[in-house]
Amino acid sequence: MALACCFFTCAEAARAFFVFGDSLVDNGNNNYLATTARADSPPYGIDYPTRRPTGRFSNGLNIPDFISRAIGSESTLPYLSPELNGENLLVGANFASAGIGILNDTGIQFVNIIRIFRQLEYFQEYQQRVAALIGEEQAQSLVNGALVLITLGGNDFVNNYYLVPFSARSRQFNLPDYVKYLISEYKKILRKLYDLGARRVLVTGTGPLGCVPAELAQRSRNGECSAELQRAASLFNPQLVQIIRQLNSEIGSDVFIGANTQQMSNNFISNPQAFGFVTSKVACCGQGPYNGLGLCTVASNLCPNRDEYAFWDPFHPSERANSIITRQILSGTTEYMYPMNLSTILAMDSKN
Ligand SMILES: *[C@@H]1O[C@H](CO)[C@@H](O)[C@H](O)[C@H]1NC(C)=O
Ligand SMILES: *[C@@H]1O[C@H](CO)[C@@H](O)[C@H](O)[C@H]1NC(C)=O
């Protein structure tokens, strides 16, 4: 009885949080997998509270961590973590896996990663485990009342269409048709998330794909962003907002909320000094031009002050850039958040 009571109050304390997607939001699932897409060795995590690598692709916290803080929760555990059991399940779970995309053939070079369909299967399995703990009805209301974050799409360009010249997908589709295909597959995934009980889902767009240090190193002569990858992001993101609008109107409720992370990032990429960064072109950790080549390892160049860099490694924002993005998710105007920002949603949902 005392136990049931504790579970009840814990579930009441903060809403659960579920995370799906790729390395931008992975809290460490890939640590448990045989894959090269991993962030479990130094200097990853150098600014994390424990100063140790966790599997997050950041020097410290990532966007899901900042969202957890905003809703008054501890960070979600990776679904594959052995610590994710008992009461910890009620906090939510992070199903994300670095390297994955919308398509099953994205990131195949990373071999053993949790593709999005598998993440959704794990979500079902999670719900069964929670139901066994607190009962079917309570589990259902925990899931319906939860906040969900999904971040997909970047790898479908970087680790698929543009991975090698004349990739299979680029021979199959021109860019606009590829984006249409991605978007139609993404719509099915979002619909499935709704069918599995998700009722508040933050959907981020892709970041500024052409401006990351890795692309500057490979495709840029003078430090300008890669026009081709920027074009991909600019085609993808507005169409993502369109399917969000369609889905919400089909469902008859604002279940899906779009976050324009491309625009959020463009602000500090085009004017880094205004945000207290010394550069938005050079990664803090890496090697070669812009520190944009290869992996971030103990052998890499490492900047002394991570807060001064917009990019931590060749592909991923620094902790401070993540906090700036999350601030916009929380309180940005409709230019950034469609149809409304997270603060508005939290305020609305707390009245129900
Ligand atoms: C991806 O794989 C899953 C099964 O793992 C399948 O249900 C789905 O249709 C596949 N998606 C595409 C676009 O082929
Ligand atoms: C977003 O959130 C803030 C509260 O943090 C609110 O004042 C503001 O009006 C919101 N903006 C929009 C456009 O909804």
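Has region 318-331 got at least one residue that is closer than 23 Å to R200 by Cβ and of a type in the set (K, R)? Give the steps one after another, and end with the answer.
We begin by selecting, within region 318-331, every residue closer than 23 Å to R200 by Cβ; these are 322-331.
Those still in the list that are of a type in the set (K, R) too: 327.
Within region 318-331, one or more residues are closer than 23 Å to R200 by Cβ and of a type in the set (K, R).
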Fill in the blank from the handout: Contact list, first residue from region 109-126 and of a type in the set (S, T, Y), second anywhere and away from ligand 1 (no atom under 11 Å from the Cβ) and in a helix (DSSP H, G or I), beta-carbon distance below 9 Å, six or more apart or interchain, is Y126/L89; Y126/V143
Handout entry: Members of region 118-132 that are within 11 Å of ligand 1 (Cβ to nearest atom) and over 16 Å from the mean Cα position of the chain (by Cα)
Key = R118, E121
Completion exercise
Subset of region 89-109, residues away from ligand 1 (no atom under 15 Å from the Cβ) and at pLDDT below 95, comes to Q109
Exercise for the section: Name the single residue, out of those in region 164-183 being without any contact (Cβ under 8 Å) to a residue 24 or more places away in the chain and assigned to a helix (DSSP H, G or I), that is farthest from S249 (Cα to Cα). Expected result: R171
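Would you check if there is a residue in region 332-340 being aliphatic (A, V, I, L, M), out of contact with any Cys (no Cβ under 6 Å at 6 or more places or on another chain) and within 16 Å of ligand 2 (Cβ to nearest atom)?
Of the residues in region 332-340, the ones aliphatic (A, V, I, L, M) are 337, 340.
Now drop any that are not out of contact with any Cys (no Cβ under 6 Å at 6 or more places or on another chain), which leaves 337, 340.
This time we only want the ones that are within 16 Å of ligand 2 (Cβ to nearest atom), so: 337, 340.
Yes: region 332-340 contains one or more residues that are aliphatic (A, V, I, L, M), out of contact with any Cys (no Cβ under 6 Å at 6 or more places or on another chain) and within 16 Å of ligand 2 (Cβ to nearest atom).
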Completion exercise
Exactly one of A139, A96, A146 is closer than 26 Å to D254 by Cα, in contact with a Lys or Arg (Cβ under 6 Å, 6 or more places away or on another chain) and crowded, with 18+ Cβ neighbours inside 10 Å, and that one is A146
Practice task
Report yes if some residue within region 254-263 is in contact with a helix residue (DSSP H, G or I) (Cβ under 9 Å, 6 or more places away or on another chain), part of a loop (DSSP other than H, G, I, E, B) and surrounded by 22 or more Cβ atoms within 10 Å (Cβ to Cβ); otherwise report no.
Solution key: yes
Exercise for the section: Write out, first by first residue and then by second, each pair whose Cβ atoms fall under 6 Å of each other, whose residues are 6+ apart or on separate chains, and whose first residue, in region 332-347, is surrounded by fewer than 16 Cβ atoms within 10 Å (Cβ to Cβ) while the second is part of a loop (DSSP other than H, G, I, E, B). Expected result: P339/D254
Practice task
Take N260 and decide whether it is within 14 Å of ligand 2 (Cβ to nearest atom) and in contact with an Asp or Glu (Cβ under 8 Å, 6 or more places away or on another chain).
Solution key: yes
Practice task
Would you check if D313 is of a type in the set (D, E, K, R), more than 16 Å from ligand 1 (Cβ to nearest atom) and under 14 Å from V212 (Cβ atoms)?
Solution key: yes
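Please verify whether region 133-142 includes one or more residues that are assigned to a helix (DSSP H, G or I) and modelled with pLDDT under 95.
So in region 133-142, the residues assigned to a helix (DSSP H, G or I) come out as 133-134, 136-142.
Checking the rest, the ones that are also modelled with pLDDT under 95 come to none.
No, region 133-142 has no match at all.
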Handout entry: Test: E319 is within 16 Å of ligand 2 (Cβ to nearest atom) and either of a type in the set (D, E, K, R) or within 20 Å of the chain's Cα centre (by Cα) (or both)
Key = no
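The values are calculated or read from the model by the stated rules, or taken from the named source; none is laboratory data. This is a predicted model, so every value here is computed, not measured. When we count neighbours, we look across all protein chains shown, and the Cβ atoms used for this are built from the backbone with ideal geometry, even at glycine.
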